[in-house]
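Heads up: the structure comes next, in structure tokens.
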Amino acid sequence: IVIVTGMSGAGKTTAMAAFENMAYRCIDNYPIELLGAFSEYLKDNTAYSRIAMAVSLDDAPKAIRFLSNVDWLNVSVIFLDCDDNIILKRYKETRRNHPLSRDGRVEDGIAKEREIMKFLQDERKLARPISKEANVVIDTTQLKGNKFQQILENQFNHQSIDPFRISFVSFGYKHGIPKDADLLFDVRFLPNPFYVD
């Protein structure tokens, strides 16, 4: 199980898309109270051998503590951080609301989330900040999407699953062009082996 946590807007959604491309089963905002039943389910079900789980900052300590104490699970933690100005820019570009400022400004949500990080260390008496509990800490401030995905693939793609595939498909125009085609080459000028021995 890979737990992905960090600041909202730092790239959790992009990370989950990268894990999905690496054939991980992806779970977003799973209720922490159900982790006990989930871990028992995983014990008996081998179909879910690679899981990526996006967890909010305030739920991350509980999720990390619980899943790390389950004997049959191998848990890795990714902490994503980013400069506040870049997070603000990303929210402006996507025109989404920050999860902690539904009625207010995005800057207020970012500030609240930074306070949560401080609270998790101070009030819950964590020995280390949540970012120090992580196996991998990634600052996405200067990272473009492809570079970020490449970092994740280098770290977590342990199986030989190709992230890039090319398929050559032959089709008949009378049945229509394949809807998932990116490039289309008309090769009707070539001899057809069906008709030419």
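The values are calculated or read from the model by the stated rules, or taken from the named source; none is laboratory data. This is a predicted model, so every value here is computed, not measured. Note that we place each Cβ from the backbone using ideal geometry, even for glycine, and neighbour counts take in every protein chain shown. Side chains included, ligands, DNA and RNA excluded: accessible areas come from the protein's heavy atoms. Shrake-Rupley method; radii C 1.70, N 1.55, O 1.52, S 1.80 Å.
Could you check, for the range 144-166, whether at least one of its residues is open to solvent by 100 Å² or more (accessible area, probe 1.4 Å), at pLDDT 85 or above and part of a loop (DSSP other than H, G, I, E, B)? No, that holds for no residue. When every residue of the range 73-90 is checked against the conditions, none turns out to be surrounded by fewer than 18 Cβ atoms within 10 Å (Cβ to Cβ), small (Gly, Ala, Ser) and assigned to a loop (DSSP other than H, G, I, E, B). In this structure, does Gly36 turn out to be in contact with a helix residue (DSSP H, G or I) (Cβ under 8 Å, 6 or more places away or on another chain) and on the phi > 0 side of the Ramachandran plot? In short, no.
Taking first residues from the range 95-113 that are farther than 9 Å from Gly9 by Cβ and partners that are aromatic (Phe, Trp, Tyr), the Cβ contacts under 8 Å between residues at least 6 apart in sequence or on separate chains come to Asn97/Tyr91.
Scanning the range 15-28 for residues that are open to solvent by 30 Å² or more (accessible area, probe 1.4 Å) and in contact with a strand residue (DSSP E or B) (Cβ under 9 Å, 6 or more places away or on another chain) yields Ala17, Glu20, Arg25, Cys26, Ile27, Asp28.
Every condition in (1) surrounded by fewer than 18 Cβ atoms within 10 Å (Cβ to Cβ); (2) within 19 Å of the chain's Cα centre (by Cα) holds for Lys12 except the one numbered (1). Looking at the range 1-72, the helices (runs of 4 or more DSSP H) lying wholly inside it that each contain 2 or more residues that are touching an Asp or Glu at 6+ places or on another chain (Cβ under 7 Å) sit at 12-21. Among the residues of the range 29-53, write down those that are open to solvent by less than 60 Å² (accessible area, probe 1.4 Å) and of a type in the set (S, T, N, Q). Within the range 29-53, Ser39, Asn45 qualify.
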